[in-house]
Amino acid sequence: MHMAAYDWRLSFAKLQERDRFFSRLSKTIEGLVKVSGEKAVVVSHSMGGNLLLYFMQWVEENRQDPHWVDTHIHSFVSIAAPFLGTPKAISALLSGEAKDTAEMGLLGSLLDHHITPFNRRRLFRSWGSSFSMIPRGG
C-alpha cells in the first residue's frame, strides 16, 4: 500500500514540473507491481480522482507506452470525485464567494471579516487546481 500525497493547490501540470509527482508515482506503481507480482488497485478521493485520470493520460504519453495503464493498473476506485467539476468553483473564482462559510455562523463571520471576498478571490485564483474544478459539459 502506498499513499500519494500531493499539493492540491497546484495545477496538475505544475505537480510534475515542480515535484516530478507523476514520474515518481509511475515509478512507485511499477515497483509495487514488480514486488507483488500483481497489478495495482488505485483508490482516490475527491480531486484525486481527477488527478488520477490526468496521470493515466500523462503516463502513457510521457513514458511512450500506450499500454502502461493496462500493464500496471488492475482497477481504479474513485470516491466522491468531481469528474464533471463543481458549481461552487465558479462563484469562488468570480467573486470570492464561499457559500459554505455562511453555514458556519460566528466562524463564518470572522472569516469574512479577516479575509474579504476580494482577497479570497485572489487566493482561489492563485491555486492552479481551482480551474480543474470548473464544471464541464456531460
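Can you name the residue in segment 88-103 that is part of a loop (DSSP other than H, G, I, E, B) and surrounded by 12 or more Cβ atoms within 10 Å (Cβ to Cβ) and is also modelled with the lowest pLDDT among such residues?
Per the criteria, the residue is Ala98.
With respect to the numbered conditions (1) modelled with pLDDT of 95 or more; (2) within 30 Å of Pro117 (Cβ to Cβ); (3) open to solvent by 40 Å² or more (accessible area, probe 1.4 Å), which one is the sole condition not fulfilled by Gly48?
(3)
Look at segment 1-40 and say how many of its residues are of a type in the set (A, V, I, L, M) and more than 12 Å from the chain's Cα centre (by Cα).
8
Hey, does segment 29-52 have a residue that's part of a loop (DSSP other than H, G, I, E, B) and acidic (Asp, Glu)?
Yes, some residue in segment 29-52 is part of a loop (DSSP other than H, G, I, E, B) and acidic (Asp, Glu).
Can you list residue pairs whose Cβ atoms sit under 8 Å apart, with the first residue in segment 19-32 being over 13 Å from Leu51 (Cα atoms) and the second being open to solvent by 20 Å² or more (accessible area, probe 1.4 Å) and among the hydroxyl-bearing types (Ser, Thr, Tyr)? Count only pairs 6 or more apart in sequence or on different chains.
Cβ pairs passing all conditions: Asp19/Tyr6.
Output the number of the condition that Thr71 fails; it satisfies all remaining conditions of (1) over 25 Å from Phe131 (Cβ atoms); (2) in a loop (DSSP other than H, G, I, E, B).
Exception for Thr71: condition (2).
Looking at the structure I just gave you, is Arg125 crowded, with 16+ Cβ neighbours inside 10 Å, of a type in the set (Lys, Arg) and part of a helix (DSSP H, G or I)?
No.
Anything in segment 1-18 that is without any contact (Cβ under 8 Å) to a residue 12 or more places away in the chain and open to solvent by 100 Å² or more (accessible area, probe 1.4 Å)? List them, or say none.
Met1, Met3, Glu17, Arg18
Name the residues in segment 111-122 that are over 10 Å from Ser95 (Cα atoms) and open to solvent by less than 60 Å² (accessible area, probe 1.4 Å), would you?
Leu111, Thr116
Mind checking whether some residue in segment 56-65 is in a helix (DSSP H, G or I), basic (Lys, Arg), out of contact with any strand residue (DSSP E or B) (no Cβ under 8 Å at 6 or more places or on another chain) and surrounded by fewer than 18 Cβ atoms within 10 Å (Cβ to Cβ)?
Within segment 56-65, not a single residue is in a helix (DSSP H, G or I), basic (Lys, Arg), out of contact with any strand residue (DSSP E or B) (no Cβ under 8 Å at 6 or more places or on another chain) and surrounded by fewer than 18 Cβ atoms within 10 Å (Cβ to Cβ).
The values are calculated or read from the model by the stated rules, or taken from the named source; none is laboratory data. Owing to the predicted nature of the structure, the values given are computational and were not obtained by experimental measurement. Backbone-built Cβ (ideal geometry, glycine too); neighbour counts: all protein chains shown. Accessible surface is based on the protein model in full, side chains and every heavy atom, while ligands, DNA and RNA are left aside. Shrake-Rupley method; radii C 1.70, N 1.55, O 1.52, S 1.80 Å.
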